[in-house]
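Following: one structure in structure tokens, then a few remarks.
The values are calculated or read from the model by the stated rules, or taken from the named source; none is laboratory data. Since this is a predicted model, take the numbers as computed values, not measurements. Heads up, the Cβs are rebuilt from the backbone with ideal geometry, glycines too, and the neighbour counts pull from every protein chain shown. Just so you know, the surface numbers come from the protein's heavy atoms only, side chains and all, with ligands and any DNA or RNA stripped out. Shrake-Rupley method; radii C 1.70, N 1.55, O 1.52, S 1.80 Å.
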2 protein chains.
Amino acid sequence: MDASERTAPGVKSATRTVELLDFFARQGGMYSLTEIQQELGYPKSSLYALLRTLVQLGWVETDPTGTLYRIGMRALLVGASYIDGDPVVGMAHETLDWLAEVTGETVHFGRLDDHDVVYLSSRPSRHNLRPVIRVGRRVPTHSTSLGKALLADHPDPALPKKLERQTERTITDHDGLRAELRRIRERGHAIDREENTPGVCCFGVALRLQRPARDAISVSIPAIRLNEVREREISALLLQARERIEYAAYHLIHP
Amino acid sequence: MDASERTAPGVKSATRTVELLDFFARQGGMYSLTEIQQELGYPKSSLYALLRTLVQLGWVETDPTGTLYRIGMRALLVGASYIDGDPVVGMAHETLDWLAEVTGETVHFGRLDDHDVVYLSSRPSRHNLRPVIRVGRRVPTHSTSLGKALLADHPDPALPKKLERQTERTITDHDGLRAELRRIRERGHAIDREENTPGVCCFGVALRLQRPARDAISVSIPAIRLNEVREREISALLLQARERIEYAAYHLIHP
DNA sequence: AGCCAGTGTTCGCATATATGAACAAGACCT
DNA sequence: AGGTCTTGTTCATATATGCGAACACTGGCT
């Protein structure tokens, strides 16, 4: 109960369980006991017991030799259900379809979590043959249109300590980012000009369903296909999409 | 170590952690402490500590009052990574795209897990506007083409004790199912004629990447759009898709 | 062959957690 | 208001778990 209690996050073994799952999720691939041990720093024997338990439950799988571990199938179900159960994602569904349809570009729905934005829903662009699963992926706030739109909506946004460089155009200083957020508030939408991924520009707006906003939508475009006309077109459609979702939300709350 | 050790699945608190996540995933929605307590049967106080721990870690979220719990955003990431890290799903990707393209129908990739098949990847049909997230969902083996194809490939398949009725056409007796599996082996592919979902027929084949097979692919069609010609067409394309995937797998193993 | 380094596995004790019972806080009656 | 449920929260102790150290295997090296 004293101030030194920062080391007590609760049930230790539950914490480790999800940290382990998180590790697998971040890294992907298969790892040996010692590799995981080195990464997470738990004692070998504790980790061993934990892994065996999770293997037995199907949340972790091993290779035939039983010595390499990876995430198991039971973990799959969990992710999908967060999205299925979310009313906002549900409401936005049709509008995201529409936005993808009229722009022909990749559309994302993202939610703020700490200093990241988590993709909750997305529509592949018509040009992108392969519909990559991006749901559940995390991207930084400071280098993405989704993230910057959400930061700009916050009266006193908590910026990450260090703004990690993603590309040569990433804004990496706090003053620059604050100036950018001001521009976004004036302009009404956020733009990411290859600040997170080379060759990709994004336009994003925060959904004002609660203050400060937690959800945002964006349209991503290959930089090559971008020009002033297209830019105006995209931002207009994006704002229209926001209206639609906010309208739907309003009528859900006040039937 | 004696025979009565059936009650010791390992680290208790880890088991409960994933059981809790599983509960949220299955049920969706928000639940109070007592509701969860009644469902899972853990002592109130233990559950309380567990929930608080997971809330603090972002794996469980509460409503503003802090009294209703639901699954948290961090759980999202985990599911996606299972699929991203799987070599077979990766290999099948292009072929699934192709199969969806040439049939115009919904295509699924599924993997056996106990008495269920888990969807690992899917392509929406051209007629189905809304690309529903089905990845991670579980369907029974005995009432789906994916499941029956996988059972048929097994020399001595472990049939579920009780074959749950899904529709009026579901095969619910073991003898009937065994006969059906024999027919599938003779025919070369599995058919589900509205046995799992009214109005939906599916064609499925197991991928022979290991024996017994663990993965399968299927094409789903609205029963209305089905006729003998289309049926032959679909099964031919399905078998072709299987060849492609098996071919790709072979060349991945023997470069 | 024998050694060595690295890895997975087991075991007994110190420590953290699980638990039932008691307490607090509302909600809903009458 | 007062009483009576129901539900969330805290606490002390029995109990399960975490831990270091020892053991067992394996493969590579000399």
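Overview of results
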read-out: Student exercise, the protein assembly as shown dipole from Lys, Arg, Asp, Glu Cβ charges, in Debye to nearest 20; value: 20
read-out: Chain B - charge dipole about Cα centre, Lys and Arg +1 at Cβ, Asp and Glu -1, debye rounded to 20; value: 140
read-out: Per residue, in Å², the accessible surface of the range B:72-115 once ligands and nucleic acids are set aside, probe 1.4 Å; value: 28
read-out: Chain B: most fluctuating residue of B:Ala241, B:Ala75, B:Ala100 per GNM, C-alpha cutoff 10 Å; value: B:Ala75
read-out: Per-residue average of Cβ from other chains inside 10 Å of A:112-124; value: 2
read-out: Alpha carbon centroid spacing (whole Å) that separates the range A:35-56 from the range B:20-52; value: 25
read-out: Chain A residue with Cβ closest to the axis mapping A onto B, distance in whole Å; value: A:Gly79, 1
read-out: Solvent-accessible area buried by A and B, counting both chains, probe 1.4 angstrom, square angstrom; value: 5000
read-out: Accessible area in the full protein assembly, largest first, 1.4 Å probe, for B:His154, A:His189; value: B:His154, A:His189
read-out: Lysines with Cα under 16 Å of A:Lys148, excluding same-chain neighbours fewer than 8 positions away; value: A:Lys161, A:Lys162
read-out: Kyte-Doolittle at least 0.0, axis length at least 15 Å by Cα - qualifying DSSP helices, chain A; value: A:44-57, A:74-84, A:87-103
read-out: Label distances, nm, A:Glu243 versus same residue in remaining copies, Cβ-directed 7 Å point; value: 5.4
read-out: Cleavage-rule hits, trypsin sites (Lys or Arg not before Pro), the range B:207-255, DSSP coil, Cβ neighbours within 10 Å at most 11; value: none
read-out: Shielding of B:89-100 by partner chains, average beta-carbon count, 10 Å; value: 1
read-out: Separation of alpha-carbon centers, the range B:147-168 and the range A:144-178, rounded to whole Å; value: 53
read-out: Shielding by partners - mean other protein chain Cβ count within 10 Å, residues of A:45-53; value: 3
read-out: Relative contact order of chain A, defined on C-alpha pairs under 8 angstrom at six or more residues apart (%); value: 14
read-out: Surface share of carbon and sulfur [accessible, 1.4 angstrom probe, percent] for the range B:1-122; value: 50
read-out: Leading residue at positive end of dipole, chain B (Cβ point charges), from B:Ser45, B:Gly136, B:Leu21; value: B:Ser45
